[in-house]
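A quick write-up on the structure given underneath.
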Amino acid sequence: MQNNTISTLFIGQNFIKLSSVDSTNNFLKQCLANSEPLTEGTVIMADEQFAGRGQLNSKWLSETGKNLTFSLYLKPHFLPAMHQFYLNIAISNGINRALRDAFGINATIKWPNDIYYENKKIGGVLIENILSGHHIKHSIIGIGLNINQSIFQEELKTKASSLQLILQQRVNILQVLNEICKHIEVEYLKLRSNKLELLTTDYLAHLFKYKLPSLFRINGEEKLGTIVGINEQGNLMLNLDDKISVFGFKELEFIID
């Protein structure tokens, strides 16, 4: 259905709201598998995801009706597969800027694309790209953000937070969706215009622990290192003992106090 409350050119203009689904990413993939016509910028939002996923099949836990869980459909045909991490950068920048500009939350991006406030996670992104040759054919972008959840499971109490806990007031979930869609659209149009250096500069400016000596767990050992950048493939560049080492997803773990 059309949603005229989201003030964008195309992201979120086709808006489908579900009460419950296994995963909004799975729902979008099923639509594509059934050859259903989907316009670029389609947003699928659910009050409940009973099988939400994070990076590399980790579980995304969200209290029903209190948080923002949605998927976005994009067609970045212009983006070479070897540069697909720039889509992660654009999406993460958009979420981060929405939280900063609209809600005054000094959020950061924990590599590769988790959203943090201070040392606690408040959101995450899961991007699934379908390739055609050397370019991206479709992108399904799952986004989860803790909004009004104030109680977390025991193992997450020191690791997770929400907008309500940060702002000390309830937050309108659809307002957050509107702001995120607006800001993602701005960043995506930068990507479409090949403004890769600008996108990367913004990403690094708000990167969690960037240029700060920090502890990491690498091959089971705790090591002190400093994040100095990311490469075009999205790998993390870390200064360890005055030598630059490069790490892919899940090849190192942040040790957070």
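Ignoring any ligand, DNA or RNA, what whole percent of the accessible area of the chain comes from carbon and sulfur when the probe is 1.4 angstrom? Mind dumping the intermediate values first?
Working: 6120 of 12420 Å².
Summing carbon and sulfur atoms, their accessible area is 49 percent of the total for the chain.
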| message | Calculate the FRET efficiency for ARG170 and ILE256 from the Cβ-Cβ distance with a Förster distance of 22 Å, rounded to the nearest 0.05. | response | 0.20
| Highest mean first, what order results for 152-161, 10-19, 35-44, 69-78 on Cβ atoms within 10 Å? | 69-78, 10-19, 35-44, 152-161
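If Rh is defined by the Kirkwood formula over all Cα pairs and Rg also comes from Cα, what ratio Rg/Rh do you get for the stretch 55-208? Could the numbers behind the result be given before it?
Details: Rg = 15.3 Å, Rh = 15.8 Å.
Result for the stretch 55-208 is an Rg/Rh of 0.97.
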| Could you give the length gained on full extension between HIS134 and ASN239, defined as 0.36 nm per residue of separation minus the Cα-Cα distance, in nm? | 34.6 nm
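Quickly estimate the mean residue ellipticity at 222 nm for the chain, helices only: each DSSP H run with n ≥ 4 gives -39500 (n - 2.57), and the total goes over all residues, rounded to 500.
Rounded to the nearest 500, the figure is -8000 deg cm²/dmol.
Heavy-atom accessible area per residue, the chain, 1.4 Å probe: how many Å²?
Details: 12420 Å² over 257 residues.
Heavy-atom accessible area per residue stands at 48 Å².
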| query | At q = 0.11 Å⁻¹, what log₁₀ I(q)/I(0) does a Debye calculation on the Cα points of the chain give, no solvent, two decimals? | reply | -0.58
| request: Quick one: which residues, 5 or more positions from LYS121 or on another chain, have an amide H under 5 Å from its amide H? H modelled 1.01 Å from N in the peptide plane, none for Pro or chain starts. | output: ALA160, SER161
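The values are calculated or read from the model by the stated rules, or taken from the named source; none is laboratory data. Since the structure is predicted, the reported quantities are computational estimates derived from the model, not experimental observations. Cβ coordinates were reconstructed from backbone atoms using ideal geometry, including for glycine residues, and neighbour counts include every protein chain displayed. SASA here: full protein model, heavy atoms, side chains in, ligands and nucleic acids out. Shrake-Rupley method; radii C 1.70, N 1.55, O 1.52, S 1.80 Å.
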